[in-house]
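First up is the structure itself, then whatever we jot down about it.
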Amino acid sequence: MRTSTISIRRARPADVDLLADLFDETWREAYRGIIPGVALERMISQRSSQWWLGATQRSRPLVVVERENALVAYAVYGPARGRTLQAPGEIDELYVRPSYQGLGLGRRLFRAVSNDLADHGLARVGVWALEENDRARTFYSGLGGAEIARAVDRMAGTVLPKIGFRFT
């Protein structure tokens, strides 16, 4: 039986091309049919390798899941960006490559990020998910997240309802 090593680590400048590819694949899978096509393509094109290089150098943590020398998931998190979620910590993004979904990697990444936030005094964590993104909503509910807020994002003239989850 073959086993593979899985590691969760901070993203490095050498990861930027892989992060751009991971973002492209995960966002197309998650948001096709939810975010209008032109707006989705624009968002993906804006997250070039250069953008990811800047993200690796910001103070907001960016971590990746590496398996067999491939990046298969990432998360961005830190102090809450607003008060609506009533939590001092927030996970901005958490995405797993479609071919690796269902293996427990997202759950493992969520726990690692939540533990890091708690280690920095941010034990209560919030996260937003688009209302039409059933997979994300099921994922966060399954982790014990309580739906505590509703809001909307606007993109390319489309209103996108979103749900806020809080974890204690």
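No lab work stands behind these numbers, since they all come straight from the coordinates. All of these numbers come straight from a predicted model, not from anything done at the bench. No Cβ is skipped: glycine too gets one built from the backbone with ideal geometry, and neighbour counts run over all protein chains shown.
Numerical summary
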{"quantity": "Local net charge near Ile163, Cβ-Cβ under 12 Å (Lys/Arg +1, Asp/Glu -1)", "calculated": "-1"}
{"quantity": "The chain: most fluctuating residue of Ala55, Ala156, Ala11 per GNM, C-alpha cutoff 10 Å", "calculated": "Ala156"}
{"quantity": "Efficiency of FRET between Ser48 and Asn69 - r from beta-carbon atoms, R0 25 angstrom, step 0.05", "calculated": "0.65"}
{"quantity": "For the range 105-168, diffusion coefficient by Stokes-Einstein and Kirkwood Rh (Cα), 25 °C, 0.890 mPa s, µm²/s", "calculated": "196"}
{"quantity": "Estimated FRET transfer efficiency (Thr56, Asp92; beta-carbon r; R0 22 Å; 0.05)", "calculated": "0.90"}
{"quantity": "Selected from Ser45, Val159, Ala20, residue furthest toward positive end of dipole (the chain; charges at beta carbon)", "calculated": "Val159"}
{"quantity": "Cα extents of the range 64-106 along the three principal axes, largest first (Å)", "calculated": "38, 18, 12"}
{"quantity": "Evaluated over the chain, the Cα radius of gyration and Dmax, each in Å", "calculated": "15.6, 52"}
{"quantity": "Projected label distance in nm at Arg9 and Ala112, using a 7 Å step from Cα toward the beta-carbon", "calculated": "1.0"}
{"quantity": "GNM result for the chain, Cα springs below 10 Å: residue of Leu53, Leu71, Leu103 fluctuating most strongly", "calculated": "Leu103"}
{"quantity": "Between the range 36-72 and the range 111-168, the Cα center-to-center distance that results, in Å", "calculated": "19"}
{"quantity": "Radius 14 Å from Cβ of Ala149, net charge of other residues (Lys, Arg +1; Asp, Glu -1)", "calculated": "+3"}
{"quantity": "Selected from Arg60, Arg42, Arg28 as most flexible by GNM, with the chain as the system and alpha-carbon contacts under 10 Å", "calculated": "Arg42"}
